[in-house]
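S.K.: First, the structure itself, so that you have it in front of you.
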Amino acid sequence: MVEIIALILFSYLLGSFSTAIVVCKVLKQPDPRTVGSQNPGATNVLRETGKWPALITLLGDAFKGFFPVWLAQHLDLPYAEDEWLLHGVVSGVALATLLGHLFPIYFQFKGGKGVATAVGILLGLDGLLGLVTLGFWIIVISLFRIAAVASVLTCLLLPFTVQWLTPHYLVPVAIISILVICRHHKNIRDLLKKKPG
């Protein structure tokens, strides 16, 4: 039990690491929470700082989603011998990581929208699940050219994809989808007003 609690705490703390804020600080660029959409994510960094900082942000946020989930499935701990317990621990780690990104303890609990971190989590849960999700997101954004539309539509499709590929992770992934959609509430309102954010 101590190992499980420690793993979930580690996942939250790693998720709380805001790649966008750290990258912009290292490059002596404005804090992404103070410019543009005021979101510490790759899209805002791309608009306000440039392609390379945005790429680093994207990869960093995806990695911090992937690593704890992958680690939880490969550590040789007692829970790994019980399939249901393993799925429960991995689900807890996935949710803790995303919550860390959305509500980072290091940055006054003001985090990003969770898209890149969610993709990393999905890749950690199941490679095919992550790739299918990423592929759908790329298709949608190539059609609409609006990151928020691609993210919300992908999240709406995600529970069906999980039910098809990895049904034992349906509940945590559905929660992740809801959290990411909720973080896009402002974008959704703007889109409904025909003012994409």
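S.K.: Does Ile188 meet the test of being β-branched (Val, Ile, Thr), touching a residue at least 12 places away in the same chain (Cβ under 8 Å), part of a helix (DSSP H, G or I) and closer than 26 Å to Leu13 by Cβ?
M.R.: No.
S.K.: Filtering the range 50-70 down to residues that are over 21 Å from Leu122 (Cα atoms) and either aromatic (Phe, Trp, Tyr) or surrounded by fewer than 21 Cβ atoms within 10 Å (Cβ to Cβ) (or both), which residue is modelled with the lowest pLDDT?
M.R.: The qualifying residue modelled with the lowest pLDDT is Gly50.
S.K.: Within the range 1-34, how many residues turn out to be of a type in the set (Val, Ile, Thr) and crowded, with 16+ Cβ neighbours inside 10 Å?
M.R.: 6
S.K.: Go through (1) surrounded by fewer than 18 Cβ atoms within 10 Å (Cβ to Cβ); (2) modelled with pLDDT of 95 or more and name the single condition Gly88 misses.
M.R.: Going through (1) surrounded by fewer than 18 Cβ atoms within 10 Å (Cβ to Cβ); (2) modelled with pLDDT of 95 or more one by one, Gly88 breaks only (2).
S.K.: Within the set of pairs 6 or more residues apart or between chains, which connect a residue that is within 15 Å of Val180 (Cα to Cα) and free of Cβ contacts under 8 Å to residues at least 40 places away in the same chain inside the range 131-150 to a residue that is surrounded by 14 or more Cβ atoms within 10 Å (Cβ to Cβ) and among the hydroxyl-bearing types (Ser, Thr, Tyr) with Cβ atoms less than 8 Å apart?
M.R.: As it stands, the answer is Thr133/Thr154; Thr133/Thr161; Trp137/Ser151; Trp137/Thr154, since those pairs meet every condition given.
S.K.: Name the one entry in Gly60, Gly120, Gly100, Gly92 that is in contact with a Lys or Arg (Cβ under 7 Å, 6 or more places away or on another chain), touching a residue at least 40 places away in the same chain (Cβ under 8 Å), of a type in the set (Gly, Ala, Ser) and under 23 Å from Cys182 (Cα atoms).
M.R.: Gly120
The values are calculated or read from the model by the stated rules, or taken from the named source; none is laboratory data. Note that this is a predicted model, so its numbers are computed, not measured. Backbone-built Cβ (ideal geometry, glycine too); neighbour counts: all protein chains shown.
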